[in-house]
Amino acid sequence: MKMRLLDRILLTIYTLAILLISLFLIIVATGIIPLTSIKNYINGIQYGWEFAGILLIVSLCFLLISIKLLFSRNKRKTPGGTLLKNTELGMIKISVNTLDALVQKSVRGFQEIKDVKSFIVPEEDGIRVRLNIQLMPDVNIPNVSTSVQNKVKEYVEATAGILVKEVYIYIDNLAVIQRSRVE
């Protein structure tokens, strides 16, 4: 699952702050900066409302970032790579692997196709299918592509009952037919 942009930015800021604090504590622990110097610096700070306000704002920001990151989990819309379909009798879960197998089966029937790799992108109200196809030589690419798109859409929708929103086809290559040599 992808993290949202805001969560990534907050996590980066938070991680950098923890990194700086850790480095500072290591420097103090190794004695590079004596503890007495730190005590003298802290005692020399004039504690006024400006300092208290800045300290309060920074600490509240880190508190809010901590709470946000703690409770912002990657929430899956569907459990375990499955698509959900509600019927009158209950819920049906169809795995992405099952849909991939259906797509592969529908494409394998074309003699013009030598090889196919399929990728299923599940969405809330259906799926998007991406096909990387290697075609046999001397085929009409637009006709085969349109036929494949229609067949995949019809077969998956009829078999699984899942809406196919898009069938994206990428013609990866043409197969090379090797002729046998007669000696």
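Here, each number is a calculation from the coordinates, and none is a lab measurement. The structure presented is a predicted model; accordingly, all values stated were derived computationally and were not measured. We place every Cβ from the backbone using ideal geometry, glycine too, and count neighbours over all the protein chains shown.
Taking label points 7 Å from Cα along the Cα-to-Cβ direction, Ile141 and Leu56 give a separation of 6.7 nm.
Helix 35-44 axis versus longest C-alpha principal axis of the chain: approximately 70°, rounded to the nearest ten. In plain terms, the chain from Ile18 to Ile38 could stretch by 5.3 nm, reckoned as 0.36 nm per residue minus the Cα-Cα distance. For the chain, adding -39500 (n - 2.57) for each run of n ≥ 4 DSSP H residues and dividing by the number of residues yields -17000 deg cm²/dmol at 222 nm.
Magnitude of the charge dipole for the stretch 123-183, about its Cα centre and with charges confined to Cβ atoms of Lys, Arg (+1) and Asp, Glu (-1), is about 260 debye. Bridging of Lys151 to aspartates and glutamates at a Cα separation below 15 Å is possible for Asp100, Glu112, Glu166, once same-chain residues fewer than 8 apart are set aside.
Entry note, the chain: relative contact order of 16 percent, from Cα contacts under 8 Å with a spacing of 6+ residues. Using a cut-off of 23 Å between Cα atoms, the listed pairs Lys114/Lys165; Lys85/Lys153; Lys68/Lys165 include Lys114/Lys165; Lys68/Lys165 as exceeding that distance. Taking Lys and Arg as +1 and Asp and Glu as -1, the other residues whose beta-carbon sits under 14 Å from that of Ile162 total -2. Seen against the Cα atoms of the chain and their longest principal axis, helix 141-160 is set at about 70 degrees. Taking Cα atoms only, the orientation of helix 49-71 departs from the longest principal axis of the chain by about 30 degrees. Extension gain for Gln134 to Phe119 (0.36 nm times residue separation, less C-alpha to C-alpha distance): 3.9 nm.
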